[in-house]
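**Q** Can you keep this structure in mind? I'll have questions shortly.
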Amino acid sequence: MKLQEKFTFLEKQRSAVLAIIFYNFETPSGLLPHASKTGNSIIIQATLSFIHFLILEITFAFVRTGLKNFGVKGWLHLDHAESFDFIKEYLGSGYDSEIFDTSKKSFSKNAEGA
């Protein structure tokens, strides 16, 4: 199920899915066994700092392998990307969603869509 489909389903059920940001190996390693035990799905949000530390493809493989090994339905989210070039690279890597962060730009630049 694609993430947008999950959101539509959850909206109809008046329910939610946990989305957690991770900065290290321990966060997904601690969350996945619990999600497996409870049968809950999860969105795992990779930070840019972790991706730059580990690189995009390894971060993706780490999370996807964990989801598979624990039998957890989950999605991998890129949290607060700051450049279109990075987003283009990430989109080809299999991540499910992203947030494009332009908060460092002025309000007027954001309002223009620049």
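Where a number appears in this text, it was derived from the coordinates with a stated rule and is not lab data. Treat the numbers as computed from the prediction; the structure is a model and nothing was measured. Positions of Cβ are generated from backbone atoms using ideal geometry, with glycine treated the same way; all protein chains shown enter the neighbour counts.
**Q** Once amide H atoms are built 1.01 Å from N in the peptide plane, which residues 5 or more positions from GLU98, or in another chain, come under 5 Å H to H?
**A** Correct list: LEU78.
**Q** Just want to confirm a number: the relative contact order over the chain, from Cα pairs under 8 angstrom separated by 6+ residues, in percent.
**A** Worked out over the chain, it gives 23 percent.
**Q** Along the Cα→Cβ direction, 7 angstrom out, place labels at GLU26 and ILE58. What is the inter-label distance in nm?
**A** So the label points at GLU26 and ILE58 sit 2.0 nm apart.
**Q** Just to verify a number: FRET efficiency for LYS109 and THR38, C-beta to C-beta distance, R0 = 35 Å, to 0.05?
**A** 0.20
**Q** If each DSSP helix of 4+ residues adds -39,500 (n - 2.57) and the sum is divided by the residues in the chain, what number results at 222 nm, nearest 500 deg cm²/dmol?
**A** -15500 deg cm²/dmol
**Q** Quick check: residue separation of ILE87 and LYS2 times 0.36 nm, minus the Cα distance between them. What number comes out in nm?
**A** That pair, ILE87 and LYS2, stretches by 28.7 nm at full extension.
**Q** Then there is this: Can you order the peptides 13-26, 51-64 by their average number of other Cβ atoms within 10 Å per residue, highest first?
**A** Sorting 13-26, 51-64 by mean packing, highest first, produces 51-64, 13-26.
**Q** Roughly how many whole Å is it from the C-alpha centroid of region 44-78 to that of region 1-21?
**A** Using only Cα atoms, the two centres lie 18 Å from each other.
**Q** Over all Cα pairs of the chain, how is the pair count split among 5 Å bins, expressed in % and running from 0 up to the last occupied bin?
**A** In order of increasing distance, the bins hold 2, 11, 21, 21, 18, 14, 8, 4, 2, 0 percent.
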